[in-house]
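One structure is given below, represented as structure tokens, and several questions about it will come after.
No value in this document is a laboratory result; all are computed from the given coordinates. Since we're looking at a predicted model, the values are computed, not measured. Cβ sites come from the backbone with ideal geometry, for glycine too, and all protein chains shown count toward neighbours.
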Amino acid sequence: MPTRPRERRSSRGGLPATLPWVVALMLLAAVGWLQLSRYEAKLHELREAADDVLGGTSDAGASTHERPASNHLRQLSSSKRCAVQLEAQGVLPDVQGRWAGREGGAEGRSRGLQHGSDGAAVAALLSSRRRLYDAMESSLLDKGLALGATVTQGLALGDLFTRDADGALQPVLEALAVPVRAVLLPLRDQSAAGQLLRAAERHLVPLVGPHGLWLQDSNFYHSTIYHASTHTDPMPASVSQVDAEERAIRHVGARCCPLRVVLERVVATPSGVVVACWQVVGGTDVFELRRRLSEALPHASRQQIVKDRAILHITLARIVAAPRVDGDASGDGSGGDADDSGRRGARLVGRRAQPGERRGDGGGASDEEQRAAAEEAAVLLQAAVDGMTAELCGLQATMDELWFAEEFHKLALALHGRFAQRPVPLQCGDGGGGGGGERAAAH
């Protein structure tokens, strides 16, 4: 019996059934290649930036004309280079909310953030903080170092410190009729706190001398989140009312997750405050944390100290003497010469008073001399915090509890005054906040 010839599909009679799959695979391969190329380009920029920072090059024979990306990155500030590095490593997302080298993109990664479930929310908060930090960073060079300006919460250096017979700083402790009640986010990671303290000592002490700055106690590094009562807008409360505030805060803590944070830069303000600036990469974003606390504490001070709800910063030190504009700024900071030159430089910086000096002592400097000294001091201080940023870039920590703190002296946590704190764990759950919690630890 003759066999029937096999039918062949004509090109005019329809497409092979496998063709759509082939096209789909080709598209996937193209998308994958583009993503890989983008990631490799980021890594290349990172290597170039590292070469610039270290003063070397990955190719000894490369000319400056062959390295345009490197030349561009060389012009970036330490904070910008840090941001490029963290984005290339996938530690931070880019401005579109995309995470380099991570499957699922920003949408998948952002599930770790309670505030928002899409990449746009993550990117918006990151960009908001970055703009704020950019403004803080640029203000030092724009305005110069002005140690007589308001330093913290309406107070100047002369209100915060005096000097003993040896020239060492002594805090001025002022008792409060109504204790400040604040919700803080402490940095309890002692490894991270130790790195911050050592970087501050390494880069700042040689600049101003051992008596030229006030280093914060690393055991109490914290970011202020919200105030139930401030010293500028006090809200008196009975013991039972304070306990009710604690229960409300515990209710918030029970529903919020620990924050995973990464250091993006160190910034110095025109008044000489040196702060570590962080981004949130997991847990409940600090913006959401402040929103919930504002709802939980309806009778809180209207004049909040922290104006921007997105900010997450920790004060590391306060500069109280100008960098040595008339000497070598790279000295070891030991001995009297460093401190003396720091004080002489401080007299040229516009301010109300230097700790331990008579108010109005301008040292006889003209306005132009004061402005020039302020600008030069700002450049020296900026170089120091740039060094801290380069050293600390990418430092990560987990902040897993709040403190409900009562400060019985003005700025007690900053000035070694008397305070008490009640720890409130961030439990990342759906349950209630419970009743009375742990008793306050007094200091």
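Subtract the Cα-Cα distance of Asp134 and Arg202 from 0.36 nm times their separation in residues, and report this length gain in nm to one decimal.
Extending this stretch completely gives an extra 22.1 nm.
Please give, to one decimal in nm, the separation of the simple spin-label points placed at Ala383 and Glu368, each 7 Å out from Cα toward the Cβ.
Placing both labels 7 Å beyond Cα along the Cβ direction yields 2.4 nm.
For labels at Ala175 and Arg418 in the simple 7 Å Cα→Cβ model, what's the distance in nm?
0.7 nm
Then there's this: Could you please report the charge total around Leu395, scoring K, R as +1 and D, E as -1 over all other residues with beta-carbon less than 14 angstrom from its beta-carbon?
0
Can you give the extra length, in nm with one decimal, that the chain gains between Ser240 and Gln303 once fully stretched, where that is 0.36 nm per residue apart less the Cα-Cα distance?
So the extension gain works out to 20.4 nm.
Please give the residues of the stretch 398-429, grouped as numeric ranges, whose backbone N is less than 18 Å from a label point set 7 Å along the Cα-to-Cβ vector of Arg247.
Of the residues in the stretch 398-429, 404, 422-425 have backbone N under 18 Å from the label point off Arg247.
5 Å is the cut-off here: which amide hydrogens, built 1.01 Å from N in the peptide plane, fall below it relative to Ala228, excluding neighbours closer than 5 in sequence?
Arg181, Ala182, Val183
Tell me, in nm to one decimal, what length is gained between Ser127 and Thr398 on full extension, where the rule is 0.36 nm per residue of separation less the Cα-Cα distance?
Net length gain for the segment: 95.5 nm.
If you don't mind, there's one more thing I want to ask. With each pseudo-label sitting 7 Å past Cα toward Cβ, what's the Gln190-Ser77 distance in nm, one decimal?
Going from the Gln190 label point to the Ser77 one covers 3.5 nm.
For the stretch 246-262, take each phi angle, set θ = phi - 60°, evaluate the Karplus expression 6.51 cos²θ - 1.76 cosθ + 1.60, and give the result in whole Hz per residue in order, putting x for glycine and proline.
Working through the residues one at a time gives 4, 4, 5, 5, 5, 4, 5, x, 5, 9, 9, 9, x, 8, 9, 10, 9 Hz.
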